[in-house]
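J.: Below: one structure in structure tokens.
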Amino acid sequence: MTQTNELKQPTVLVVDDTPANIDVLVAHLTQENLELIVALSGEEGLSLAQQHKPDLILLDIMMPGMDGYEVCRRLKQDAATTDIPIVFLSARDSELDMEKGLSYGAIDYISKPFSIPVLKARLRNHLALKQKGDRLAELAGTDELTSLVNRRHFNQVFRQEWMRAIRNQSELSLLMIDVDYFKAYNDSLGHAEGDNCLKKIAQALLQGLRDPADIVARFGGEEFVVLLPDTDSAGAARVAERLRTLVQNLKLPHPGSANGGLVSISLGGATCIPNHHLTELGLLQQADTQLYKAKEGGRNRVCL
Ligand code: GH3
Ligand code: MG
Ligand code: MG
Ligand code: MG
């Protein structure tokens, strides 16, 4: 999940096949607190939008090759770009054109010639709304205690990675993690200290993941889950052992632990090459079964 930064300049992509139109927009918008990207064709606009994920797109309609409607349609179809507000900026000013543009999912339609102050005011409003939407999406996907991704967001990423692994026929690994004797930890040190402990474990797990594609989430309570795309069983075992060691090396005193008086975690892992006969739940259950074995085997260990 991208963390929104309140101070980050919003990025606006301007797509127009007429350089003079771009020059006018750039000249006026540079005074705004914006980062501007420009594209001179629909194809280039689409590609820059996918690459930069701008906060707003000012989109011309009449362009040779891919026109603005088609760019809009494609961006709205793709989950990665569907939330980017699109404002059509076009010389076509009939009611029908406007209705068509908006029905393609554009947030606004401004016909040329346009008033610069009104355009700026509209952009500011759309950008403010986009920022609120981003913030809400971030909150909805974040676990309040640990700041890790929450289960809801994890499930979304899991779905996407599962489908991608089916397409690429690549291996996907999953680790289920559970803190050892955590009830005893709360009982001896108190629930607030328990919360602190979960935060520290979460940070250790986050540090332990080196590939940006790997994701760790709080699954619930004192359980965490790690998704490792393009990772075979041996790779998953290496990550799991690294995470176990990192938590052990935190050396958090645990009076109720049978494992040398320190906080520890148990990990269960599973790997598969997804296909349409397998399910995400199946992989989760497999990892959970391995986690149970790690607990049975004495805790503070990895089972794959
Ligand atoms: P095991 O080694 O078998 O995992 O033993 P355990 O005591 O960790 O397992 P159990 O499932 O019996 O207990 C989990 C405990 O985790 C119980 C619950 O109070 C605690 N817990 C769950 N969520 C939180 C939380 O958000 N904060 C705190 N402080 N404790 C939590
Ligand atoms: Mg044009
Ligand atoms: Mg548990
Ligand atoms: Mg536990």
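J.: Please state, rounded to one decimal and in Å, the Kirkwood hydrodynamic radius that the chain gives when every pair of distinct Cα atoms enters the mean of 1/r.
T.: 22.2 Å
J.: Taking GluC sites (Glu not before Pro) as exposed when DSSP calls them loop (any state but H, G, I, E, B) and at most 11 other Cβ atoms lie within 10 Å, what is the longest stretch of the chain free of them, the sites themselves excluded? Walk me through the numbers on the way to the answer.
T.: Values: sites that count: Glu6, Glu144.
Counting only loop sites that pass the neighbour cut-off, the longest clear stretch is 145-304.
J.: I'd like the distance between the alpha-carbon centres of region 161-207 and region 248-304, rounded to an integer number of Å.
T.: Comparing the Cα centres of region 161-207 and region 248-304, I get a distance of 9 Å.
J.: Could you identify which residue out of Pro212, Pro19, Pro253 has the top mean-square fluctuation in a GNM of the chain using Cα springs shorter than 10 Å?
T.: For the chain, modelled as a Gaussian network with Cα springs under 10 Å, the answer is Pro212.
J.: Oh, and also: Between Arg167 and Glu35, what FRET efficiency follows from the Cβ-Cβ distance if R0 is 41 Å, with the result rounded to 0.05?
T.: Computed FRET efficiency for Arg167 and Glu35 comes out at 0.80.
J.: Let me ask you something else. At a Förster distance of 51 Å, what's the computed FRET efficiency of Asn196 paired with Ile273, Cβ-Cβ distance as r, to 0.05?
T.: Once the sixth-power term is evaluated, E becomes 0.80.
J.: Can I ask one more? Restricting to bridges with both residues inside the chain, how much of the DSSP beta-bridge set is antiparallel, in percent to the nearest 5? Write down the numbers at each step before the final one.
T.: Working: 22 of 41 bridges.
Counting DSSP beta bridges with both partners in the chain, the antiparallel share is about 55 percent.
J.: While we're here: Which entries of Lys199/Lys293; Lys8/Lys120; Lys53/Lys100; Lys183/Lys251; Lys130/Lys200; Lys76/Lys132 have Cα-Cα distances beyond 29 Å here?
T.: Among Lys199/Lys293; Lys8/Lys120; Lys53/Lys100; Lys183/Lys251; Lys130/Lys200; Lys76/Lys132, the Cα-Cα distance tops 29 Å for Lys130/Lys200.
J.: Turning to a different aspect of this structure: Give a residue-ordered list of calculated ³J(HN,Hα) values for region 170-181 (Karplus: 6.51 cos²θ - 1.76 cosθ + 1.60, θ = phi - 60°; whole Hz; x for Gly, Pro).
T.: 10, 7, 10, 10, 9, 10, 9, 10, 9, 6, 7, 6
J.: Continuing with this model, one more query. Enter the Cα centre distance for the pair region 123-159 and region 46-82, rounded to the nearest angstrom.
T.: 22 Å
J.: Report, in deg cm²/dmol and to the nearest 500, the calculated mean residue ellipticity at 222 nm for the chain, where each DSSP H run with n ≥ 4 adds -39500 (n - 2.57) and the sum is divided by the residue count.
T.: Helices in the chain give a 222 nm mean residue ellipticity of -15000 deg cm²/dmol.
J.: Between Leu56, Leu278, Leu228, find the one with the highest GNM mean-square fluctuation for the chain; connect C-alpha pairs within less than 10 Å.
T.: Leu278
J.: Same structure, new question: Could you check the simple spin-label distance between Gln131 and Glu296, using points 7 Å along Cα→Cβ, in nm with one decimal?
T.: Here the modelled spin labels are 5.5 nm apart.
J.: What number comes out for the charge environment of Gly68, summing +1 per Lys or Arg and -1 per Asp or Glu over other residues with Cβ under 10 Å away? Kindly include the intermediate steps, with their values, before the conclusion.
T.: Values: positive: Arg73, Arg92; negative: Asp16, Asp17, Asp60, Asp67, Glu70.
Result for the neighbourhood of Gly68: -3.
FYI, it's all coordinate maths here, none of it is from the lab. Every value quoted in this text rests on a predicted model; they were computed, and no experiment measured them. Cβ atoms come from the backbone with ideal geometry, glycine included; neighbour counts cover every protein chain shown.
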